[in-house]
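Note sheet for the following structure.
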Amino acid sequence: MAKHHVIVGGGPAATNAVETIRQFDADSTIILVSDEPAHSRMALPYWLSGQIPREHVLTGDEAYFQRLGVQCRVPARAVKLDAQNKKLTLDSGEELSFDTLLIATGSSPLKLDIPGVDLPGVQPLWTLDHTQSVLQYTETLSKPQVAFIGAGFIGFIVLNAMYKRGWELCVVERQEHVLPRMLDAQAAAVVQDWLAARGVEVHCGTTVREIRSGQNGQKLLVLENGQELPADVVIVAIGVKPNVDWLEGSGLEIDQGVVIDDHCRTNMPDIYAAGDVAQGPVLFSDQKEIHAIQPTAVDHGRVAGANMAGQDISYPGSLSMNVVDICGLQAASFGRWDAPEATVIANPSRHIYRKLCWQEDQPVGAIFLGQANDLGMLNDVGMVKGMLQTQTRLGPWKRFLEENPFDIRRPFIACQVAAKLARFRLLGRPSQPRGYRFQGGEAVATPGPGHASYVHTKPQTDSSSSG
Ligand SMILES: Cc1cc2nc3c(=O)[nH]c(=O)nc-3n(C[C@H](O)[C@H](O)[C@H](O)COP(=O)(O)OP(=O)(O)OC[C@H]3O[C@@H](n4cnc5c(N)ncnc54)[C@H](O)[C@@H]3O)c2cc1C
């Protein structure tokens, strides 16, 4: 008998689950419940920087979901779950019953509790509406001044988008250095030096005590250390929390998020969770964690979708990874980047920093800093990520890397990491294209001159095309 699936959420975890269910099961009913249109938050900064229109942030429209045979309840909120009787209540009062349910409600920005947080122009940047509101607020200003409260991964992604617009930026971080959950102190010092040279003011080891209203919509941030910073817009980016409040009393096991196993199952039968809301298995640790990143949301969504459709897919665990362009400096960190045994190489004056962390002969974490146009560095980042994802032990190549930290290619090839990556299939078969592009557009590759020699295919000549 055809199953009845309900999916709550409209982000990457939810959409990947919907598409995966359909790949395995053409006949089931699928209902998608989301309070925002289906979209990818990680595309918001490109809209903010003016590189794409709003519509390109969306990951599906009515026609697309109709083609997939999905009934959409958008906008609608799930407000209550009766897990025993398999019933979901929406804010409209509608009750949906289900055979399987996916909870993919993501996370929300943490609120700051200081005077002035309700002033116009003080906000997080997490949703479509938040992005729209910053664009509207700044449209009449020739060079908006923006202050960030919090210097974490998301804050810096947003900061980079504003830097591209040429806005005047400053950052306040209560920890002793920027990106405290992504970089060690030595790497962060390199980032701070890079930012200083680009006119981005950084204030660490202090907090904002109060935001005062000034003239013409301007605000004044008063810091604990007494300093005052002017700003037109204040972005509060102090972290996120999983959207689990509505699940209170449902019987689901909730720790920091909804606890899931290697099949993305919760403790209640036929109820799954995925993405930022889910606390699941991770690589290089026995503890379950929330990673709150897009790759984990996509993997969870695909694994949950396959299992909801009757497959038996287990998941090796997510790799924590944060990669961000900071005003032209690429920063990447993976896995246990704070593990005690590490090979470090640094050239702060050239803004280069590499750290490879070990557990015996196995890389378990890494930090990379280098200029965003350094393709050699970007290749190395990709190769180290591959070593981590395949959990490769390097044997004698560990010694080689300790002596030659810039020569990642040789151990990568010798340990057959590429072959392992090529064999790996999350769902046991090749992934399929999504089948959605805004207004049915085609993907067009437009490599810049610096990339051309790496990504251009061979020119079609008579001999090459006939062979
Ligand atoms: C500006 C920005 C840039 C980012 N850049 C990156 C990046 O470069 N790399 C990266 O890895 N990650 C990035 N992220 C993080 C990434 O977007 C998230 O990890 C990802 O969106 C999580 O996907 P999700 O599907 O779990 O949740 P979400 O994308 O948050 O989707 C959940 C959806 O469910 C809806 N919802 C919540 N509660 C309910 C309810 N009760 N009923 C109905 N609907 C509900 C929410 O409104 C939302 O639309 C970025 C995030 C932001 C905000």
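Details
- Hey, Lys111 away from the ligand (no atom under 14 Å from the Cβ), closer than 26 Å to Val8 by Cα and basic (Lys, Arg) or not: yes
- Check on Val303, at pLDDT 95 or above, closer than 29 Å to Leu356 by Cβ, more than 12 Å from the ligand (Cβ to nearest atom) and surrounded by 24 or more Cβ atoms within 10 Å (Cβ to Cβ): yes
- Leu32 being farther than 18 Å from Gly275 by Cα and in contact with a Phe, Trp or Tyr (Cβ under 8 Å, 6 or more places away or on another chain): no
- Residue match in region 418-440 (condition: assigned to a helix (DSSP H, G or I) and buried (at least 18 other Cβ atoms within 10 Å of the Cβ)): no
- Taking region 57-84 as the range and being within 14 Å of the ligand (Cβ to nearest atom) and closer than 21 Å to Gly440 by Cα as the test, the residues that pass are Val57, Leu58, Thr59, Gly60, Cys72.
- Counting only strands (runs of 3 or more DSSP E) that sit completely within region 73-154, those holding 1 or more residues that are in contact (Cβ under 8 Å) with a residue 24 or more places away in the chain and small (Gly, Ala, Ser) correspond to 78-82, 95-97, 107-109, 145-149.
- Residue count for region 33-42, restricted to those that are in a helix (DSSP H, G or I) and either more than 20 Å from Pro433 (Cβ to Cβ) or touching a Cys at 6+ places or on another chain (Cβ under 9 Å) (or both): 1
- Any hit, region 33-43, residues being of a type outside the set (S, T, N, Q), more than 9 Å from the ligand (Cβ to nearest atom) and at pLDDT 95 or above: no
To keep it simple, each residue is scored yes or no on (1) basic (Lys, Arg); (2) within 13 Å of the ligand (Cβ to nearest atom).
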{"position": "Lys86", "(1), (2)": "yes, no"}
{"position": "Leu96", "(1), (2)": "no, yes"}
{"position": "Thr105", "(1), (2)": "no, yes"}
{"position": "Leu119", "(1), (2)": "no, no"}
{"position": "Trp126", "(1), (2)": "no, yes"}
{"position": "Tyr137", "(1), (2)": "no, no"}
{"position": "Leu159", "(1), (2)": "no, yes"}
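Every residue, every condition in (1) buried (at least 20 other Cβ atoms within 10 Å of the Cβ); (2) more than 12 Å from the ligand (Cβ to nearest atom); (3) at pLDDT below 95, yes or no:
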| site | (1), (2), (3) |
| --- | --- |
| Pro230 | no, yes, no |
| Val236 | yes, yes, no |
| Lys241 | no, no, no |
| Val244 | yes, no, no |
| Leu247 | yes, no, no |
| Leu252 | no, yes, no |
| Thr266 | yes, yes, no |
| Tyr272 | yes, yes, no |
| Asp276 | yes, no, no |
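- Considering only residues in region 75-126 that are touching a helix residue (DSSP H, G or I) at 6+ places or on another chain (Cβ under 9 Å) and β-branched (Val, Ile, Thr), the one that is nearest to Gly280 (Cα to Cα) turns out to be Ile103.
- Across region 103-117, the qualifying residues are those that are aliphatic (A, V, I, L, M) and out of contact with any Gly (no Cβ under 6 Å at 6 or more places or on another chain), and the one among them that is nearest to Met42 (Cα to Cα) is Ile103.
- Taken over region 6-32, residues that are within 13 Å of the ligand (Cβ to nearest atom), assigned to a loop (DSSP other than H, G, I, E, B) and either free of Cβ contacts under 8 Å to residues at least 12 places away in the same chain or at negative phi (or both) amount to 2.
- Criterion violated by Ile313 - all others in (1) over 21 Å from Ser108 (Cα atoms); (2) aliphatic (A, V, I, L, M); (3) within 11 Å of the ligand (Cβ to nearest atom) satisfied: (3)
- Selected residue [of a type outside the set (A, V, I, L, M), at pLDDT 95 or above and buried (at least 16 other Cβ atoms within 10 Å of the Cβ)] from Ser92, Ser107, Ser97: Ser107
Yes or no, residue by residue, for (1) surrounded by fewer than 18 Cβ atoms within 10 Å (Cβ to Cβ); (2) free of Cβ contacts under 8 Å to residues at least 60 places away in the same chain:
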site	(1), (2)
Gly310	yes, no
Leu329	no, no
Val344	yes, no
Tyr353	no, no
Cys357	no, yes
Gln362	yes, yes
Ile367	no, no
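- Selection from region 165-214 of residues that are part of a helix (DSSP H, G or I) and either surrounded by 14 or more Cβ atoms within 10 Å (Cβ to Cβ) or basic (Lys, Arg) (or both): Gln186, Ala187, Ala188, Ala189, Val190, Val191, Gln192, Asp193, Trp194, Leu195
The values are calculated or read from the model by the stated rules, or taken from the named source; none is laboratory data. These numbers come from a predicted model, not from an experiment. Here the Cβ is made from the backbone with ideal geometry for all residues, glycine too, and neighbour counts use every protein chain on show.
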